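Peer 1: Just dropping this structure here.
Each reported figure results from applying straightforward, stated rules to the coordinates on display, with no laboratory input. If you're wondering where the values come from, they're calculated on a predicted model, not measured in any experiment. Every residue, glycine among them, receives a Cβ derived from its backbone with ideal geometry; neighbour counts consider all protein chains shown.
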Amino acid sequence: MRFLAFSDVHNNLACVRKMRAREENRFDAILFGGDIGRKIPEQFFAALASFGCPIFYVYGNWDVDLSPDTKYHPRATILHRNFVMLNGITFAGFSDKPDGPARRRFASALKKSGADFSRTILMCHYELRGIEKDFPGLALHIYGHTHVMEQFEQKGTKYVNLGVLDRQVSARPKEKPVWVKEDCRNYIAGNYAIIETRATGFDVRYAQLPHDFPDWIPVERSYRGIEWIPEDARWSEASDPRLPRFEVA
């Protein structure tokens, strides 16, 4: 089986469309690690539904205004202290903070269900530490939040940080070695992951959104929410919500 996994969109529909255009309908499920953003859930799930497969997702800190009881699309299923099975794989989800009684109750319920942890993917927005105590023998734990691509194994469990799809890079025109902030534009340089089942577990590889733009030179500061460079402006639509503007050193 083959899964498309990503996290952290932050109301940025352009990055979702850019990823969608790059990938064909070759997945058995879409896995999302949280931070949709409260302004775009309907458009977000409509874009993902075009893959023609189930969508399993958890909420993140950008999703506090979204209800787990709302069905945003027939193909989309929230995993919030619950789980589903697909072709022998269990997908379990936990949208709460990483520690506390809710985690322990969920782990207990999952154990009682008889789920085979060696064929289980645990999806969260925050990384869960000490998984071996609550989810012994878990095959794969995927999460987001910190925007860092990272995968490692610990006590038999593969941990995969999905990184961030909404990576905005600020750049100045190559033709302007002397520039001001108003000359800058952003391009989309996020990442996602492709997960495939193997006889020995799960294989995970990262994929990067293409961002080789020779006419634009990245700058040190990040000017979030400014206009896109022309090459990436095609992924935005007039009806998209305006992204918040702020600077990051």
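Peer 1: Among the listed pairs Lys18/Lys158; Lys71/Lys155; Lys39/Lys112, which have their C-alpha atoms separated by more than 31 angstrom in this model?
Peer 2: Beyond 31 Å: Lys71/Lys155; Lys39/Lys112.
Peer 1: Per Stokes-Einstein, at 10 °C and 1.306 mPa s, what whole-number D in µm² s⁻¹ belongs to region 156-249, with the Kirkwood radius over Cα pairs as the hydrodynamic radius?
Peer 2: It diffuses with D of about 103 µm²/s by this estimate.
Peer 1: Separate question: Cut-off 10 angstrom, C-alpha nodes, Gaussian network model of the chain. Which of Arg105, Arg81, Arg119 fluctuates the most?
Peer 2: Arg105
Peer 1: Would you work out the relative contact order for region 131-249, in percent, from Cα pairs under 8 angstrom that are 6 or more residues apart?
Peer 2: It rounds to 20 percent for region 131-249.
Peer 1: If each Cα of region 93-239 is one equal point scatterer, what is log10 of I(q)/I(0) from the Debye formula at q = 0.22 Å⁻¹?
Peer 2: Log10 of I(q)/I(0), two decimals: -1.30.
Peer 1: Taking the Cβ of Leu110 as the center, what net charge do the other residues with Cβ under 15 Å away carry, scoring Lys and Arg +1 and Asp and Glu -1?
Peer 2: Neighbour charge sum, excluding Leu110 itself: +4.
Peer 1: Right, another one. Would you mind computing Rg(Cα) / (2.2 N^0.38 Å) for region 1-122, counting N as its residues?
Peer 2: 1.06
Peer 1: Okay, next question. Would you mind computing Rg(Cα) / (2.2 N^0.38 Å) for region 100-172, counting N as its residues?
Peer 2: So region 100-172 has a normalised radius of gyration of 1.30.
Peer 1: Moving on to the next point. Less than 13 Å apart at the alpha-carbon level, and either on another chain or at least 8 residues along: which aspartates and glutamates does that give for Lys133?
Peer 2: Correct list for Lys133: Asp99.
Peer 1: From the phi of every residue in region 85-92, what ³J(HN,Hα) in whole Hz does the Karplus formula 6.51 cos²θ - 1.76 cosθ + 1.60 yield, where θ is phi - 60° and glycine or proline is x?
Peer 2: Values, residue by residue: 10, 9, 6, x, 9, 9, 10, 10 Hz.
Peer 1: May I ask you to list the GluC sites (Glu not before Pro) in region 1-105 that are in a DSSP loop and have at most 10 other Cβ atoms within 10 Å of their Cβ?
Peer 2: Of the GluC sites (Glu not before Pro), the ones in loops of region 1-105 whose Cβ has at most 10 other Cβ atoms within 10 Å are Glu24.
Peer 1: Could you run the Karplus curve 6.51 cos²θ - 1.76 cosθ + 1.60 with θ = phi - 60° over region 186-191 and give me ³J(HN,Hα) per residue in whole Hz, x for Gly and Pro?
Peer 2: Karplus-based 3J(HN,Hα) across region 186-191 equals 9, 10, 9, 10, x, 9 Hz.
Peer 1: Please report the relative contact order for region 193-249, taking Cα pairs under 8 Å with a sequence separation of at least 6, and give it as a percent rounded to a whole number.
Peer 2: Computed over region 193-249, the figure is 30 percent.
Peer 1: Mean residue ellipticity at 222 nm from the helices of the chain, using -39,500 (n - 2.57) per DSSP H segment of n ≥ 4 over the full residue count, to the nearest 500 deg cm²/dmol?
Peer 2: Dividing the helical sum by the residues of the chain leaves -4000 deg cm²/dmol.
Peer 1: Let me ask something else about it. State, as an integer percentage, the relative contact order of the chain based on alpha-carbon contacts under 8 Å between residues 6 or more apart.
Peer 2: It comes to 18 percent, rounded to a whole number.
Peer 1: What translational D, rounded to a whole number of µm²/s, comes out for the chain from Stokes-Einstein when the hydrodynamic radius is the Kirkwood one over Cα pairs, at 20 °C and 1.002 mPa s?
Peer 2: D = 114 µm²/s.
Peer 1: Return the whole-Å distance between the Cα centroid of region 22-75 and the Cα centroid of region 181-249.
Peer 2: Between the Cα centres of region 22-75 and region 181-249 lies a distance of 19 Å.
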